[in-house]
Amino acid sequence: MKSIAVLLMLWLILSTNLFAQTPAVENEKFVFLNNGATVGMIIKSVIKADKQRLKLTDQQLPKAKEIITAAVVKFNNGVKQLKATGMNQARLRTLAVGVENEKVLAYKSILTPQQYSTLVTQHKKVYPEAKL
């Protein structure tokens, strides 16, 4: 019984920390832009574009926001690492393709077949080298 209580308490602490970090992540500067844009601004922009392009429903929006947030944070952190180790066009393109592929695959679980088809078509236009 104590172990269940300890596990529950640990889960509560970890989940609280994760939720508490979300605003901090969203307020973080987006390193690829020098105009003061934050990660949160980029997330809102992508959500707005995806909602319009894919015609996302209200039920799909929360999960879409999670997927987009994860992708933007991963891209932002990847750019930081590339800047530290030497960034070039090829490495930046590889990072972008990888992050976008993961985003498209994550979207598959929440989109209708028609929405997913639209997303894949757009993805192939922007990243013809991508393998889904």
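The values are calculated or read from the model by the stated rules, or taken from the named source; none is laboratory data. The shown structure was predicted, so the numbers you read here are calculated from the model rather than taken from an experiment. Because the Cβ atoms are built from the backbone with ideal geometry, glycine has one as well, and the counts that use them run over all protein chains shown.
Things to note:
- Screening region 71-92 for residues that are within 17 Å of the chain's Cα centre (by Cα) and in contact (Cβ under 8 Å) with a residue 24 or more places away in the chain and picking the one that is surrounded by the fewest Cβ atoms within 10 Å (Cβ to Cβ) gives Lys80.
- Residues of region 24-41 that turn out to be free of Cβ contacts under 8 Å to residues at least 12 places away in the same chain and outside any loop (DSSP other than H, G, I, E, B), as a count: 3
- Qualifying residue in region 9-28 (condition: surrounded by 10 or more Cβ atoms within 10 Å (Cβ to Cβ), hydroxyl-bearing (Ser, Thr, Tyr), modelled with pLDDT of 75 or more and within 21 Å of Lys74 (Cβ to Cβ)): no
- Boolean, Lys44 is under 25 Å from Asn101 (Cα atoms), at pLDDT 90 or above, assigned to a helix (DSSP H, G or I) and out of contact with any helix residue (DSSP H, G or I) (no Cβ under 8 Å at 6 or more places or on another chain): yes
- Scanning region 102-122 for residues that are surrounded by fewer than 16 Cβ atoms within 10 Å (Cβ to Cβ) and under 13 Å from the mean Cα position of the chain (by Cα) returns Glu102, Leu105.
- Members of region 48-65 that are of a type in the set (Asp, Glu) and surrounded by 13 or more Cβ atoms within 10 Å (Cβ to Cβ): Asp50
- Ala71 vs. criteria among the aliphatic types (A, V, I, L, M) and at pLDDT 90 or above: yes
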